[in-house]
Amino acid sequence: MLSRRNKLLLFKLLSLFSVVRGYNILVITLAQYLASIYILSPNIPLQDVVLDLNLFLIVTASALVIASGYIINNFYDAEKDLINKPRKSMLDRLVSQRFKLTTYFILNFLAALAASYISFRAVLFFSAYIFGIWLYSHKLKRVPFLGNLVSATLAIAPFFVVFVYYKNFETVIFVHAVFLFLLILAREMIKDLENMAGDIAQNYKTIPILYGPKVSKLFIGFLVVLTLVPAFLLTQKFNVGYMYLYFYGCMALLLLFIILLWKSSGKKHYVWLHNILKFIIVAGVFSILLIDVDLVLNRIL
């Protein structure tokens, strides 16, 4: 049996894991590696990509900055989350705000240190990334649509830095990036509908608060329709291996999403819509393996 002290320590570790959303960081880390192997450097041997020290440091620095970003976002949203996410908020509050800020600065320092082993340009990029996350959390997230736009841009930044590292400028990569960006942007706007109660209490000026849920749904529906375009192009114009199955499934789910969006009327419905988009994004990470099934099978066998 765990002692009371050990139980408290365990709960605090769970609280910190909840604050930094460790599960999201694991998915992003996996996505960076899979994108590097199957999309950005398909002609480089697998072993050379996996054992690339610079790529490891890029992924590590990205993970550290993202973790620190979740901490600073949690710090500024503490009061709002008490309304929107009461259960999660109670778990998060097991770790003091002072400890969160200390961890925030330590993680950013470690990220800069990791980047310094790559190049000075990497240090500049991750410094700008850290500042961008802080500015978004402190000010920009309260600005209608701009906050959503910046949030989606920050979300794809870890993939941008890997893209720049490999200097692969093929059109198919840009189409993948547009598909992901539009999905994330639609998800950010769904979150505004989901979190209206807390946003109103904290005087946030989001689109559903300023113009009403109906206008917000129009925006989201438009973004989802736009998302269908790169999804269709990736199945018809580019060689994505068996990943075309994923994109066909996406198009079917997104059409269902649009129908459910117009029928939605409360937080419970918005949470379901949010989860549909989240499922599509996470499934997309694992579906990267379908681009080259032979490579996967050869490594397994």
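Would you confirm whether or not the stretch 211-220 contains a residue that is among the hydroxyl-bearing types (Ser, Thr, Tyr), buried (at least 19 other Cβ atoms within 10 Å of the Cβ), assigned to a helix (DSSP H, G or I) and in contact with an Asp or Glu (Cβ under 9 Å, 6 or more places away or on another chain)?
Yes, some residue in the stretch 211-220 is among the hydroxyl-bearing types (Ser, Thr, Tyr), buried (at least 19 other Cβ atoms within 10 Å of the Cβ), assigned to a helix (DSSP H, G or I) and in contact with an Asp or Glu (Cβ under 9 Å, 6 or more places away or on another chain).
Screening the candidates ILE28, ILE37 for the property of being closer than 21 Å to TYR70 by Cα, at pLDDT 70 or above and surrounded by 14 or more Cβ atoms within 10 Å (Cβ to Cβ) yields one hit, ILE28.
The rows are residues; the columns are (1) of a type outside the set (Val, Ile, Thr); (2) in contact with a Gly (Cβ under 9 Å, 6 or more places away or on another chain).
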residue: ILE118; (1), (2): no, no
residue: PHE131; (1), (2): yes, no
residue: TRP134; (1), (2): yes, yes
residue: SER137; (1), (2): yes, yes
residue: PHE145; (1), (2): yes, no
residue: LEU149; (1), (2): yes, no
residue: ALA157; (1), (2): yes, yes
residue: PHE160; (1), (2): yes, no
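With respect to the conditions (1) buried (at least 19 other Cβ atoms within 10 Å of the Cβ); (2) in contact (Cβ under 8 Å) with a residue 24 or more places away in the chain; (3) part of a helix (DSSP H, G or I), LEU149 falls short on a single one, namely (1).
Given the criteria exposed (fewer than 15 other Cβ atoms within 10 Å of the Cβ), at pLDDT 95 or above and out of contact with any His (no Cβ under 8 Å at 6 or more places or on another chain), does ALA231 qualify? Write out each step before concluding.
On the way: exposed (fewer than 15 other Cβ atoms within 10 Å of the Cβ): no; at pLDDT 95 or above: yes; out of contact with any His (no Cβ under 8 Å at 6 or more places or on another chain): yes.
No, not satisfied.
For the stretch 45-61, state whether one or more residues are aliphatic (A, V, I, L, M) and either outside any helix (DSSP H, G or I) or not assigned by TED's automatic domain parsing to the domain that holds LEU26 (or both). Yes - at least one qualifying residue is present in the stretch 45-61. Just one of the numbered conditions (1) more than 17 Å from ALA155 (Cβ to Cβ); (2) in a helix (DSSP H, G or I); (3) among the aliphatic types (A, V, I, L, M) is not true of ILE71: (1).
Only one of the listed residues (LEU107, LEU94) is at negative phi and modelled with pLDDT of 85 or more. That residue is LEU107.
The values are calculated or read from the model by the stated rules, or taken from the named source; none is laboratory data. Just so it is clear, the structure is predicted and the values come from calculations on it, not from any experiment. Here Cβ is always computed from backbone atoms with ideal geometry, including for glycine, and neighbour counts include all displayed protein chains.
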